[in-house]
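Beneath this line is the structure, given in structure tokens, with notes to follow.
Every read-out reported here was derived from the displayed coordinates using simple, explicitly stated rules and does not represent laboratory data. These numbers come from a predicted model, not from an experiment. Cβ placement follows ideal geometry from the backbone for every residue including glycine, while neighbour counts extend to all protein chains displayed.
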Amino acid sequence: MALISDSGSSSATQRIISYTALELRLRDRVITRSALICGHDVTEWPVQQPSDLNHNTLAPLLALGVDVVLLATGERQQFPAIDILNTARRAGLALEVMDTGAACRTYNVLISEDRAVALAVIFP
């Protein structure tokens, strides 16, 4: 389990405390299924691998109202289909694809800067 420093935390948003390949730990819960994390909200997301991303599963990301969505794809970076990336870009959403560790660390940094960011984590 990789721990992430939680210094300077604000109660305004969920912060990632630690992560493994199969779970994320927030202050108030453990996530073991694919989810969207934005502000105080954690929503289940029916994606089990990057190839599951389609226009229906992308729609909740576009509706979050954030500038950046960090797509956490597991132990290694795995890109979704190019048409999904293009759809997100055309909608004005920066969809940044990262391995889960990098996405969790980046998410915590961006929320500490009060950026409009969400984390979309994929668990098999």
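Each of the peptides 28-37, 15-24 was scored by the mean count of other Cβ atoms within 10 Å over its residues; in descending order, highest first, they stand as 15-24, 28-37. Which value in deg cm²/dmol, rounded to the nearest 500, describes the helix-derived mean residue ellipticity at 222 nm for the chain, given -39,500 (n - 2.57) per DSSP H run of n ≥ 4 and division by the residue count? Helices in the chain give a 222 nm mean residue ellipticity of -7000 deg cm²/dmol.
Quick check on the range 11-121: what does the Kirkwood estimate of hydrodynamic radius come out to from the alpha carbon pairs, in Å?
Across the range 11-121, the inverse of the average 1/r is 13.8 Å.
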